[in-house]
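Report on the structure given below.
The values are calculated or read from the model by the stated rules, or taken from the named source; none is laboratory data. Only a predicted model underlies this, so the values are computations on that prediction, with no experimental measurement involved. Here the Cβ is made from the backbone with ideal geometry for all residues, glycine too, and neighbour counts use every protein chain on show.
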Amino acid sequence: MINGTAEIEGQLRTWLRDATRVVIVGVGNTIRSDDHVGVRVVEDLRGKVSESIRLIESETVPESFIEEIKGFAPSHVLLIDAAVLGLKPGTVRLLEAEELKTQSSVSTHALPLRLFSEDVKALTGARIAFLLIEPKSTEFGEMLTPEIAGVATILDQILVAVLP
């Protein structure tokens, strides 16, 4: 269960209020347990969202999808990723790109997501936000821990409810 489920849902509703076309990028390493929670959420959204939503499972290379994102011409881009924020495992935070500069999260990706988001913003003018989930484990393994799998399921339900 996500602490503050209603709060996260409200924050997403507010952030998406004027959205017309949304790209959701699932980021993470699929062989590092909870690190792939972002990819899992995007996988679970397939077939549940409208055509105004583009789903991308970028794994650890979101920069490889910049042209696809640019071509979709989104109003909003949401990156979903595990991030070590020093919080309780399963804690979810929605941060706009500008807020990420003040967070000291640990990323396992070659290109820091902040730089990726700056490039996407420059190319598309879209609003950029990060849905970050505190992992329980980033050890080698292809399964999410039960706690983080539960968070992924809840986030899937929230996103289906709030997306245009």
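Brief remarks follow.
- Residues that are under 15 Å from the mean Cα position of the chain (by Cα) and hydroxyl-bearing (Ser, Thr, Tyr) were ranked within the stretch 57-77; the one that is surrounded by the fewest Cβ atoms within 10 Å (Cβ to Cβ) is Thr60.
- Subset of the stretch 39-56 that is in contact (Cβ under 8 Å) with a residue 60 or more places away in the chain and of a type in the set (Val, Ile, Thr) - its residue that is surrounded by the most Cβ atoms within 10 Å (Cβ to Cβ): Val41
- Residue that is farthest from Ala83 (Cα to Cα), among those in the stretch 25-38 that are buried (at least 20 other Cβ atoms within 10 Å of the Cβ) and out of contact with any helix residue (DSSP H, G or I) (no Cβ under 6 Å at 6 or more places or on another chain): Ser33
- Tally, over the stretch 15-38, of residues that are of a type in the set (A, V, I, L, M) and without any contact (Cβ under 8 Å) to a residue 24 or more places away in the chain: 0
- Some residue of the stretch 9-26 being modelled with pLDDT under 95 and assigned to a strand (DSSP E or B): no
- Near pairs, Cβ below 9 angstrom, 6+ apart or cross-chain, from the stretch 114-125 (in contact (Cβ under 8 Å) with a residue 12 or more places away in the chain and surrounded by 13 or more Cβ atoms within 10 Å (Cβ to Cβ)) to any residue that is in a helix (DSSP H, G or I) and small (Gly, Ala, Ser): Arg114/Ala97; Ser117/Ala97; Glu118/Ala97; Val120/Ala97; Lys121/Ala97
- Residue-level check: of (1) in a loop (DSSP other than H, G, I, E, B); (2) over 28 Å from Asp18 (Cβ atoms), His36 misses just (1).
- Residue in the stretch 44-59 that is assigned to a helix (DSSP H, G or I) and more than 20 Å from Ser137 (Cα to Cα) present: yes
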